[in-house]
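The values are calculated or read from the model by the stated rules, or taken from the named source; none is laboratory data. Note that this is a predicted model, so its numbers are computed, not measured. Because the Cβ atoms are built from the backbone with ideal geometry, glycine has one as well, and the counts that use them run over all protein chains shown. Surface areas here come from the heavy atoms of the whole protein model, side chains and all, with no ligands, DNA or RNA. Shrake-Rupley method; radii C 1.70, N 1.55, O 1.52, S 1.80 Å.
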Amino acid sequence: MVGSRSWIGGLLYRSGNKRHGEKTLDYSLSPLQEKRLQRLQERLQVPFDETRPDHQEALKALWQAAFPNTILRGLISEQWKEMGWQGPNPSTDFRGCGFISLENLLFFARTYPASFQRLLFKQEGKRANWEYPFAVAGINVSFMLIQMLDLYSEKPRSLQGLNFIKILSEDEEAFDVLYCIAFEMMDAQWLAMHASYMQFNEVLQVTRTQLERELSLEDIHRIQDLPAYNLLYQ
């Protein structure tokens, strides 16, 4: 797991970017693809800074989206644990993935509010007695996608990475929407596996494998073409 107090032990670092036997591709980016990939990569470089007013406002906005009828008592408060942060100060959990992981959560809450609320409050399926903490799981989904798509490289070298770049050229919000899809896939896999807290690593790995398969399909041209896209509208 990413974060300062590791709730999930190191899966994301162990999984790596390349798989055994995985083929790498060489291709050229169009000017639009290059521009949009660069913008996305610039977002990855922004750490969460609890002293920045815009970052503070984003965190407050996330709380408001999650709990519209509950007043937040402070940016450091035991209330944050209700959303699935590890402690009273969410900023400590962003250290492994940066501001983009907060942007992803906020995008999810604002763009697909019904889906966001359903996952936040674990409203679907027979749940485990020991559930995954929602917010920290969300940070791990962000980190998993960044690794899977090899976004810290000059350009992705896998088929799923290439297909993602094509999708990105059609929709600049593709990464944020893909995040929402991946979160839904993870929760669906969690229920299918009847998983509990200590199995989160396994669930996330299975989710990654499933998402890699979908991104490798030949007829994927838009984010809406992914089979799992429909999970957002259950």
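Using only Cα atoms and rounding to the nearest 10 degrees, what angle (0 to 90) does helix 200-215 make with the longest principal axis of the chain? With both axes taken from Cα atoms, the answer is about 40 degrees. Each residue of the range 221-234 was assigned a 3J(HN,Hα) from its phi angle through the Karplus curve 6.51 cos²θ - 1.76 cosθ + 1.60 (θ = phi - 60°); the sequence is 10, 10, 4, 5, 6, 5, x, 7, 4, 5, 4, 6, 10, 5 Hz, with glycine and proline shown as x. Label sites at residue 216 and residue 171, each approximated as a point 7 angstrom past Cα along Cα to Cβ, lie 2.3 nm apart. Computed from Cα atoms, the angle from the helix 99-111 axis to the main principal axis of the chain rounds to 80 degrees. The label point for residue 64 and the one for residue 27, both projected 7 Å from the Cα toward the Cβ, are 4.0 nm apart. The string of couplings for the range 84-90 from the Karplus curve (6.51, -1.76, 1.60, θ = phi - 60°) is x, 8, 6, x, x, 10, x Hz, one whole number per residue in order, with x for Gly and Pro.
For residue 75 and residue 56, compute 0.36 nm times the residue count separating them, minus their Cα-Cα distance, and round to one decimal in nm. Intermediate values should be presented prior to the final figure.
Working: separation 19, 0.36 × 19 = 6.84 nm, distance 0.76 nm.
That works out to 6.1 nm of additional length.
Rounded to whole numbers, the Karplus 3J(HN,Hα) couplings from phi for the range 162-177 are 4, 5, 5, 4, 5, 5, 4, 6, 8, 8, 5, 8, 4, 5, 5, 5 Hz, using 6.51 cos²θ - 1.76 cosθ + 1.60 with θ = phi - 60°, and x at Gly and Pro.
Accessible-area rank, largest first, for 214, 170, 42: 170, 42, 214, with all protein chains present and a 1.4 angstrom probe.
Ellipticity at 222 nm from helices only: DSSP H runs of n ≥ 4 in the chain, each -39500 (n - 2.57), divided by the residue count, give -15500 deg cm²/dmol. Note that the chain, at 10 °C in a medium of 1.306 mPa s, gets a Stokes-Einstein diffusion coefficient of 88 µm²/s from its Kirkwood radius over C-alpha pairs.
Of 71, 167, 76, the order by accessible heavy-atom surface (1.4 Å probe, DNA, RNA and ligands excluded), from most exposed downward, is 71, 76, 167.
Considering the range 131-226, its Cα convex hull presents a mean projected area of 6.0 nm².
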